[in-house]
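We did not get these values from a lab; they are worked out from the coordinates using the rules stated. Bear in mind that the values here come from a model prediction, so they are computed numbers and not experimental data. Cβ: placed from backbone, ideal geometry, glycine included. Neighbour counts: every protein chain shown.
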Amino acid sequence: MENKYESLREILRQRAKQEFTPGAKFPTQRALMAEYGVSLATVDRALRDLVADGILMRNQGRGTFVREETEPGRSAGNQIALLLARNVTCNAHAFYAEILFEINDRLSAAGCSFAYFYTDECGTPRELVRKLTAEGRFRGAILINRIPEELTGELKRAGLPFVVVDNRIESPEVCCVSGENEAGAATMTEYLIAHGHRRIGFVSTPLQTTFLERYIGYCNTLLAHGIAVDSAIVQRFFRFEAVDEDLAKLLENPCPPTAIFAANDTMGVAICRALRKRGLEVPGDISVAGFDGDYVGTQFSPRLTTIEVPRRKMGRVAATALLRQIAGEEVESVLLPLKLVEGESVLDFTEQQEV
């Protein structure tokens, strides 16, 4: 509710000025939820506005603090906006957490602070950009994951420097930092083929941004080896809440896959668990490969064979590119190479391959 959010924001503004000294730690979101009887979304929105106004500052992993007015180089006009798609999570061990940690460190070292925004929270991209550029509060923006192209267009028109992370916008005027997803998927598909697999399934949520590139790499590599892309063993609308149902299409096929290539490690682990429920062993009965080199895959048993995305480097490169733009330099998009990491989830199927 808009009035509740605005009321909380003003209450917290007064508390920050009257009850806390500069540099003091501010109450946690959970504490504020309990104290004022409001939702996490209401507290988060109020805090993010106060960060944007230069009243508070957030330190990833440490909490929220009252801004020190005399701290050099950290005025409200020296802030960076981090624009996140709704699917981006900052939880520890999540894919984007390491990217955000590195962005935070690099920006902090350069005397900048940051504030989070969701790309859809202001109604339209134009309204969001208007909020970011009002009173010159932000020097630049970093856009993470699934970003509407209309938003990048509005940012360009407003003249606000920005960098896109983990997504590729086909425009020479937009600096994007991402991994070589298509090449990485090709590497994994080549690996599976080299291990004797020719019936290789592919599982993904709707094909957007990086997942689409991974699917293209998978398809092109199969075709290069004379293997047809069989839609019967491809699931492009995977649902975590209905894993068994979505896997049935692949597994109950007259000629099921001997290996499944998941578009990320989270899906790969969910598939392994669902296979185990069916009484199938990984990799003894069916091999599973993932993508990202994420914590969830490295800690699972069997450890996933995956393509490692250099997330920390991605964050450092993105922050550096933005700071260079702010300094008036021209920057180009960066594609980071990815690395195959062998785990325990792929069986050498060479001797059993059907010719």
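Values computed for the structure shown
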read-out	value
20 Å reach of a label modelled at LYS249, 7 Å along Cα-to-Cβ, counting backbone N of segment 283-318	287-291
Ordering of 337-343, 320-326, 235-241 by packing [mean C-beta count within 10 Å, highest first]	320-326, 337-343, 235-241
Sum of side-chain charges, LYS156 neighbourhood, beta-carbon under 12 Å (Lys, Arg +1; Asp, Glu -1)	-3
Spatially close lysines, pair count over the chain: Cα under 30 Å, gap of eight or more or interchain	12
Whole-Å distance, taken between Cα centres, linking segment 11-30 and segment 317-346	36
Amide H partners (placed H, <5 Å) of LEU340, local residues excluded	GLU308
Span-rule helices in the chain, defined as complete DSSP H runs reaching 15 Å or more along the axis (Cα) with Kyte mean at least -1.0	40-52, 95-109, 181-194, 209-224, 265-277, 311-326
